[in-house]
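Below is one structure, written out as structure tokens; comments come after it.
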Amino acid sequence: MTRSQTTLVLCLIAWATWGCGGSGRSPVIARINGGAVYRSDFDRFLALKLGEFTGPEVPDALQSQMLDEYVRRRLVLDEAAEAGLAISDAEIEQAAAENPQLKSAAASPDMREELADHLLVEKYYSQVVLREVQITTEEVQKYIEQNQSRLTERPGFYVREIRAQSREEAERLREEVTTGGGDFAAVARLHSDAPSAEQGGLARYDEGQLPEVLEKAIRPLQPGDVSAVIKSSYGFHVFKLERRIQPYPGDSRRSQLDERRAQLAEEFAARKNQQIVDEALDRLVKSAAIKINQSALGFTYTGELGQN
């Protein structure tokens, strides 16, 4: 039997259980509600996310994490299509115009498609998941009261944060924003899993508010500096110090308090929205039929999906 005949036989066997790639496509590595996930599509996603770090040296745990991310995003994109949502060329161009770091991305076909998927996910969350979310005055006031200590005049700082669940991913993202020319806010918005990701990673903290292991890493930074990767119980963090804040003089106390209350209100809204999005995504995953084809992956899968 020739090599091509052997390939055809294997392909027919695979088709009976998982489907044959065809048209030069690689094997099916998973099925989501019956739809095929091709190894070639996941490899493209992995290459776009990990850049030069893609290859056999990528740990199985990181590839598993990225596959879970890819599957979850596919579920959201399928729901967006079902809802009749789409991203136009004009929306892509507008996003690129608003963020100069995305201009080069919009010029590359693969990156343009990645950007379109990202914008479609955001549109689905805002127009479907969060469409009827209401934030009451009572909820905001309760949150402000729970954070009353943050209204006091204490020194603080504004930082941007990128958080990842593996050191390898955090180191890669740090290199992207320090030596790779990446914009910290854009990278945080696209890749960070911290609650502040939608704000480009930006958050304000009082001195002593963060866990000591994180504050210790931020303390010596000057505005514009980027920290090393720091491990905490939440994951692996990279910080960029934007500016430090000193207490306002007495005659500006009222305006400062008003500003801080407004910031707390925005923070509450962002946290509530993120919680609703996370819950919606969990429901999508639990109701989906997800099957991982371990033999076609090329790595040992240690992720959370494929068991339902």
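Points to keep in mind about this one:
- Annotation for region 209-222: no member residue is touching a His at 6+ places or on another chain (Cβ under 9 Å) and under 28 Å from residue 141 (Cα atoms).
- All conditions in (1) in contact with a Leu (Cβ under 8 Å, 6 or more places away or on another chain); (2) modelled with pLDDT under 85; (3) buried (at least 17 other Cβ atoms within 10 Å of the Cβ) hold for residue 185, with the sole exception of (2).
- Some residue of region 133-140 being part of a helix (DSSP H, G or I), surrounded by 16 or more Cβ atoms within 10 Å (Cβ to Cβ) and in contact (Cβ under 8 Å) with a residue 40 or more places away in the chain: yes
- Residues of region 181-197 that are outside any helix (DSSP H, G or I) and in contact with a helix residue (DSSP H, G or I) (Cβ under 6 Å, 6 or more places away or on another chain): 182, 183, 195.
- Residue 161 being at pLDDT 90 or above and either closer than 19 Å to residue 47 by Cβ or among the acidic types (Asp, Glu) (or both): yes
- Here is the figure for region 198-224: residues that are part of a loop (DSSP other than H, G, I, E, B) and buried (at least 18 other Cβ atoms within 10 Å of the Cβ) total 3.
- Counted residues, region 162-172 - those being surrounded by fewer than 23 Cβ atoms within 10 Å (Cβ to Cβ) and in contact with a Lys or Arg (Cβ under 8 Å, 6 or more places away or on another chain): 1
- Taking the criterion of being in contact (Cβ under 8 Å) with a residue 40 or more places away in the chain and among the hydrophobic types (A, V, I, L, M, F, W, C), the residues of region 195-213 that qualify are 202, 203.
- In the set (1) touching a strand residue (DSSP E or B) at 6+ places or on another chain (Cβ under 7 Å); (2) assigned by TED's automatic domain parsing to the domain that holds residue 73, residue 164 fails one condition alone, (2).
- Residue 270 vs. criteria more than 30 Å from residue 39 (Cα to Cα), in contact with an Asp or Glu (Cβ under 9 Å, 6 or more places away or on another chain) and aliphatic (A, V, I, L, M): yes
- Condition check for residue 215: modelled with pLDDT of 90 or more and either within 30 Å of residue 129 (Cα to Cα) or within 25 Å of the chain's Cα centre (by Cα) (or both): yes
- Any hit, region 90-102, residues being more than 18 Å from the chain's Cα centre (by Cα) and within 25 Å of residue 282 (Cβ to Cβ): no
- Residue in region 74-97 that is modelled with the highest pLDDT, counting only those that are assigned to a helix (DSSP H, G or I) and of a type in the set (Val, Ile, Thr): 76
- Candidate set: region 225-269, residues that are hydrophobic (A, V, I, L, M, F, W, C), modelled with pLDDT of 90 or more and within 19 Å of residue 155 (Cα to Cα); chosen: the one surrounded by the most Cβ atoms within 10 Å (Cβ to Cβ): 239
- Scanning region 48-73 for residues that are over 12 Å from residue 298 (Cβ atoms) and among the hydrophobic types (A, V, I, L, M, F, W, C), we see that the one that is modelled with the lowest pLDDT is 53.
- Evaluated against (1) of a type in the set (Asp, Glu); (2) closer than 23 Å to residue 98 by Cβ; (3) without any contact (Cβ under 8 Å) to a residue 60 or more places away in the chain, residue 176 falls short on exactly one condition, (3).
The values are calculated or read from the model by the stated rules, or taken from the named source; none is laboratory data. Quick caveat, the model's predicted, so the values are computed rather than measured. Neighbour counts run over all protein chains shown; Cβ positions are idealised from the backbone, glycine included.
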